[in-house]
1. For the pair GLU148 and HIS227, what calculated FRET efficiency results from E = 1/(1 + (r/R0)^6), where r is the Cβ-Cβ distance and R0 = 25 Å, to the nearest 0.05?
2. With each label point set 7 Å from Cα along the Cα-Cβ vector, what nm distance links TRP120 and GLU90?
3. From the backbone phi of the stretch 236-243, what are the Karplus-calculated ³J(HN,Hα) couplings (6.51 cos²θ - 1.76 cosθ + 1.60, θ = phi - 60°) in whole Hz, Gly and Pro given as x?
4. Could you work out how much longer the chain between LYS60 and GLN188 gets when fully extended? Use 0.36 nm per residue separation minus the Cα distance between them, nm to one decimal.
5. Go through the stretch 1-90 and name the trypsin sites (Lys or Arg not before Pro) that are in a DSSP coil and have 14 or fewer other Cβ atoms within 10 Å of their Cβ.
6. Can you sort THR22, THR232 so the residue with the fewest Cβ neighbours within 10 Å comes first?
7. In debye to the nearest 20, how big a dipole does the chain give about its Cα centre with +1 on each Lys and Arg Cβ and -1 on each Asp and Glu Cβ?
8. Would you work out if the stretch 93-249 is rounded, prolate or oblate? Take a ≥ b ≥ c from the square roots of the eigenvalues of the alpha-carbon gyration tensor; rounded if a/c is under 1.5, else prolate when a/b is larger than b/c, oblate otherwise.
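Any read-out appearing in this document is the output of simple, stated calculations on the displayed coordinates, not a laboratory observation. The structure displayed is predicted, hence computed values, not measured ones. Neighbour counts run over all protein chains shown; Cβ positions are idealised from the backbone, glycine included.
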Amino acid sequence: MLAENGSDIPEIVRRAISERSTVVVAAGGDGTVNAVASVVLGSHAALGVLPLGTLNHFAKDLGIPMDLEEAVETVINGSTIHVDVGKVNESIFLNNSSLGLYPAIVRHREDIQKKGHGKWWAFAVATVQVLRRYQRLYVRWKIEGKPEVSEETPFVFIGNNQYEVCGLRIGKRDCVDAGKLWVYRAPQASRSSLLRLAIDAFRGKFDTRELATFATDTLSIRTQKNHVHVATDGEVQTMRGTLNYSILPKGLSVIVPQTRVSKPG
């Protein structure tokens, strides 16, 4: 069964699971993998991944080959591990979720792409334009057992486990089963310091004082707006009210290369 568009994916996956398929394969990018995983989660089936998207963050963090033939071989002869899944309200994320700058950039990039421009060009233009009219996000966040914190920040980034924040491995994870959400903010950042922050991170000269981080099992976030744009694994949706984040430890079965079994992530 093949999906003609993204809206077909959940029903096809549900049908495959009802027919007792033991493996359901997602062929696409992180958004497609997320859509398949959201239905596979909690079932008897394992998720196989053929990384056919642009970035393929989830597959790379799991060591799944980018070569299609090798990825198919992994699905057939690989081993099953159990990885954590992040959740915000009723939506899951395998990589990360964010508020603020990134969802704004994605939405603007999509508008530019509709005019016929390529994805990377559209992303670059959208980034410059969004930063030009940069607005800070006022948030109130709370973790269980501690007082609520109010702050302004250009973004809130919630990772499913810990992300590297500097050097050549920036944006990668060494572990996907530690059972923690990692929350990143930059409450003191201005437009110019955001740019410097990004440059320093890529150069490996990152000043951790610029970035505020903590790990948690659960997190609730409120903003001043009735609705907020939230990115989950690169896809943006509108959510209303309080954003309740949690993590499902080792909640998803995924097929990975044999060589990764001893060190998932």
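1. On the way: r = 20 Å, r/R0 = 0.81.
Here the calculated transfer efficiency is 0.80.
2. Label-label distance for TRP120 and GLU90, simple model: 3.8 nm.
3. For the stretch 236-243, the Karplus curve yields 9, 9, 9, 10, 10, x, 6, 9 Hz.
4. Numbers: separation 128, 0.36 × 128 = 46.08 nm, distance 3.18 nm.
Length gained between LYS60 and GLN188: 42.9 nm.
5. Details: sites: ARG14, ARG15, ARG20, LYS60, LYS87; in loops: ARG20.
When the trypsin sites (Lys or Arg not before Pro) of the stretch 1-90 are filtered for loop state and at most 14 Cβ neighbours within 10 Å, ARG20 remain.
6. Details: THR22 12, THR232 26.
Lowest count first: THR22, THR232.
7. I would put it at about 1040 debye.
8. Working: a/c = 1.43, a/b = 1.22, b/c = 1.17.
Rounded shape, in that the Cα axes give a/c under 1.5.
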